[in-house]
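In what follows, a single structure is set out as structure tokens and then discussed.
The values are calculated or read from the model by the stated rules, or taken from the named source; none is laboratory data. Treat the numbers as computed from the prediction; the structure is a model and nothing was measured. Glycine gets a Cβ as well: all are built from the backbone with ideal geometry, and neighbour counts include every protein chain shown. These area figures cover heavy atoms from the full protein model, side chains too; ligands, DNA and RNA do not enter into them. Shrake-Rupley method; radii C 1.70, N 1.55, O 1.52, S 1.80 Å.
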Amino acid sequence: LLKDKWHVTRIVDLRNNGEVSEYPDMELEGVVYQQIAIIPGEKEGISREDHGMTMVDRAIMRAEGFARGNGAQSLLEGMYAQMAADEYCLDRIRDFFDMMLEHDDGAFIWHCTSGKDRTGVTGALMLYALGADLEAIKEDYLYTNLQNGSYRENLLDMMREHGAGEDLVHEIRVLESVDWLYIESFLGGLVKTYGSLEDFLEKRMGLD
């Protein structure tokens with residue numbers, strides 16, 4: 001389907017090495033695979049270090065970790081802040097733009113683990129560079145909450161069936177959802193540093 005209907009010739013994987021090693025992408029003949037690990041190393045709740053666990057057991061374990069700590073929202077807020085400020089992360093986002101500009105044959109797709117945070121940031125910046133306004137970018141980003149709604153609610157129901165309380169269910173609901181405040185914070189961090197999104201895209205990302 002990806003090749004025949006959408007003419008995909010390149011897949012860009014934004015995950016780190018640990019995530020890729022546990023769940024590698026399927027190899028497709030004639031399709032180039034490229035990894036651009038936007039966030040280096042392993043990050044609790046995002047990476048996949050808990051090998052061999054069922055989906056629901058993994059979710060409960062993560063939720064318990066979030067409940068003992070600062071919560072899933074704090075993790076996500078920190079990740080978006082990191083992507084806006086860390087030079088390594090910004091270099092990798094620039095690699096993404098360089099790859100996109102060099103690609104001239106067929107379509108390409110890009111993804112991370114859940115397709116909402118690292119993919120959401122790069123998607124938001126790409127849309128802005130192409131002239132989309134913030135309302136259109138917001139609609140595109142928040143569509144994730146609808147698109148993965150069935151998966152999320154099914155997972156939460158399985159957690160309840162396995163005895164998880166609503167406090168733990170809440171943590172995974174947050175983890176598996178997006179909030180426009182995350183992107184606003186990310187973009188705001190760029191504006192604070194570079195003066196405007198246009199200056200960021202031109203001076204840091206190398207776009208004309």
If you check Ser185 against the conditions, is it closer than 20 Å to Thr119 by Cβ and touching an Asp or Glu at 6+ places or on another chain (Cβ under 9 Å)? yes
Taking Ser196 as meeting all but one of (1) of a type in the set (S, T, N, Q); (2) closer than 28 Å to Met61 by Cβ; (3) open to solvent by less than 60 Å² (accessible area, probe 1.4 Å), write down the number of the exception. (2)
Report, by residue number, each residue of region 62-108 that is surrounded by 14 or more Cβ atoms within 10 Å (Cβ to Cβ) and more than 24 Å from Leu190 (Cα to Cα). Arg62, Ala63, Glu64, Gly65, Phe66, Ala67, Gly71, His103, Gly106, Phe108
Taking region 1-44, which residues are in a strand (DSSP E or B) and hydrophobic (A, V, I, L, M, F, W, C)? Val8, Ile11, Val12, Val32
Inside region 189-198, can you point out the residues that are in a helix (DSSP H, G or I) and without any contact (Cβ under 8 Å) to a residue 40 or more places away in the chain? Val191, Lys192, Tyr194, Glu198
With the condition kept exactly as written, say whether any residue in region 138-149 is of a type in the set (Asp, Glu) and more than 19 Å from Asn16 (Cα to Cα). yes
Name the pairs: first residue in region 125-143 and more than 20 Å from Arg94 (Cβ to Cβ), second residue of a type in the set (Gly, Ala, Ser), Cβ to Cβ under 8 Å, at least 6 apart or on different chains? Asp140/Gly123; Asp140/Ala124; Asp140/Ala132; Tyr141/Gly120; Tyr141/Gly123; Tyr141/Ala124
Whichever residue in region 150-176 is free of Cβ contacts under 8 Å to residues at least 60 places away in the same chain and open to solvent by less than 60 Å² (accessible area, probe 1.4 Å) and, among such residues, is farthest from Gly69 (Cα to Cα): Arg152
All but one of (1) touching a residue at least 40 places away in the same chain (Cβ under 8 Å); (2) outside any helix (DSSP H, G or I) hold for Cys89; which doesn't? (2)
Long-range neighbours under 7 Å by Cβ, at least six apart or interchain, first residue on the phi > 0 side of the Ramachandran plot within region 1-27, second modelled with pLDDT of 90 or more and open to solvent by less than 100 Å² (accessible area, probe 1.4 Å): His7/Gly106; His7/Ala107
Name the single residue, out of those in region 199-208 being in a helix (DSSP H, G or I) and under 21 Å from the mean Cα position of the chain (by Cα), that is surrounded by the most Cβ atoms within 10 Å (Cβ to Cβ). Phe200
Take Thr122 and tell me if it is among the polar types (S, T, N, Q) and open to solvent by less than 30 Å² (accessible area, probe 1.4 Å). yes
